[in-house]
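The values are calculated or read from the model by the stated rules, or taken from the named source; none is laboratory data. All figures in this text were calculated on a predicted structure; none of them were measured in a lab. Note that we place each Cβ from the backbone using ideal geometry, even for glycine, and neighbour counts take in every protein chain shown.
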């Protein structure tokens, strides 16, 4: 990923209490007096990493990262209570106000693209630009493709590992079956399911297997938050209408916002059909298909276009 900026450290870290239960971790890096940009991580439940700072010119941007409810360094870990799409939308706005930011660029990939769209369609005024990668809009067809019948045809050996914890009689609804196990009172059942759920996604995210990501899926604390929160959101269909983020009345609210869409052609987690549906609903957006990439923002072609997009918006 030669196109990424050099590693940098955060110059400020902090926490923000957003409910009686949840406290968010956030950090700021780059130029203290620079142009604000907020990074919305994937999952949901994935949390942020030091790598996420590197898509932005640190001399130009004031780079804000935060861990969403129950994720990363936010507390309590893996908590599902008061944790919905719309809670997270309000959290993004709370962070903006807490940091005294008037307007900012919003950057999100995978679930982060979902949250970025939901936030911008709810609060279009503070959004200067959108950079979206690996588009996911939480439609039922998207969930069925990855968790029931689609990616399973392309990664059959990984699929067999994914279905292994689930009794054969329950495999006609993997989302429901995993929901039961991921909320089990039995730690062994819950953690086995969490590791299998997380490994399935980590095993399919890139054209070439990312062993480091697969190893992370075996870490109980990370896998527990990632799997439980993802399944919680997807089982509940994001607390939105099917296709809500693509509806004309929603897109009309953001047509004026400069937007770049970056999509891997061979993304089997968030297939290109969703990015194309967004482009058709939102023709004003700039659209890029990366011909030799899957889902991960770490893939060279995707990383290069993401940096080009953030560089393009440096003048805003």
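Some observations on this one:
- Of 250, 194, all but one fail to be surrounded by 13 or more Cβ atoms within 10 Å (Cβ to Cβ) and either more than 30 Å from residue 285 (Cα to Cα) or in contact with a strand residue (DSSP E or B) (Cβ under 7 Å, 6 or more places away or on another chain) (or both); the exception is 194.
- Of all the criteria given as (1) under 19 Å from residue 134 (Cα atoms); (2) in the same structural domain as residue 30 (by TED's automatic domain parsing), the one not satisfied by residue 253 is (1).
- The set of residues from segment 2-21 being loosely packed, with under 14 Cβ neighbours inside 10 Å and at pLDDT below 95 comprises just one member, 2.
Yes/no matrix, rows are residues, columns are (1) over 22 Å from residue 299 (Cβ atoms); (2) buried (at least 18 other Cβ atoms within 10 Å of the Cβ); (3) not assigned by TED's automatic domain parsing to the domain that holds residue 15:
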residue: 47; (1), (2), (3): no, yes, no
residue: 93; (1), (2), (3): yes, no, no
residue: 98; (1), (2), (3): yes, no, no
residue: 110; (1), (2), (3): no, yes, no
residue: 126; (1), (2), (3): yes, yes, no
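- Filtered by the rule that a residue be assigned to a helix (DSSP H, G or I) and in contact with a helix residue (DSSP H, G or I) (Cβ under 8 Å, 6 or more places away or on another chain), segment 181-198 gives 181, 182, 189, 190, 191, 192, 193, 194, 195, 196, 197, 198.
- Scan of segment 250-278 for residues that are under 21 Å from residue 141 (Cα atoms) and free of Cβ contacts under 8 Å to residues at least 40 places away in the same chain, ordered by number: 265, 272, 273, 276
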